[in-house]
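Here the structure comes first, spelled out in structure tokens, and everything after it is commentary.
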Amino acid sequence: HRATLHSGTSFGEIALLYGCPRSATLRTRYFCKLWSISRTAFRAVTSQFKQRRMEAKVKFLKKVKIKDTFLLDVLSESEINTLAL
């Protein structure tokens, strides 16, 4: 299988997520700069992103109003967190 990648394209995220070795060979036609990231750094970045996304969802859910009642008045904090997942 061949693919053409362009500037800004990423690859290898499956190996970073699951700790498995990469199974592809990369060849370039032209000189390029290749950046790499360690699995630890990748997981830290994705973890921060997930945390921020969760916080945004919780914040939104707390503002949801059905008729005259806020969701927060009906559900507990943990139930709202579960909904945000």
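Data for the structure
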| read-out | value |
| --- | --- |
| Of the criteria (1) assigned to a loop (DSSP other than H, G, I, E, B); (2) at pLDDT 90 or above, which one R43 fails | (1) |
| Output for the stretch 26-59, where each listed residue is touching a residue at least 24 places away in the same chain (Cβ under 8 Å) and of a type in the set (F, W, Y) | F42 |
| H6, sole failed condition from (1) assigned to a helix (DSSP H, G or I); (2) open to solvent by 80 Å² or more (accessible area, probe 1.4 Å); (3) not polar (S, T, N, Q) | (1) |
| Members of the stretch 54-81 that are basic (K, R), part of a helix (DSSP H, G or I) and open to solvent by 100 Å² or more (accessible area, probe 1.4 Å) | K59, K63 |
| Tally of residues being among the small types (G, A, S), outside any helix (DSSP H, G or I) and at negative phi across the stretch 9-28 | 3 |
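The values are calculated or read from the model by the stated rules, or taken from the named source; none is laboratory data. Everything numeric here is computed off the predicted structure, so don't read it as measured data. Cβ atoms come from the backbone with ideal geometry, glycine included; neighbour counts cover every protein chain shown. Protein only, heavy atoms only, side chains kept; ligands, DNA and RNA dropped before computing areas. Shrake-Rupley method; radii C 1.70, N 1.55, O 1.52, S 1.80 Å.
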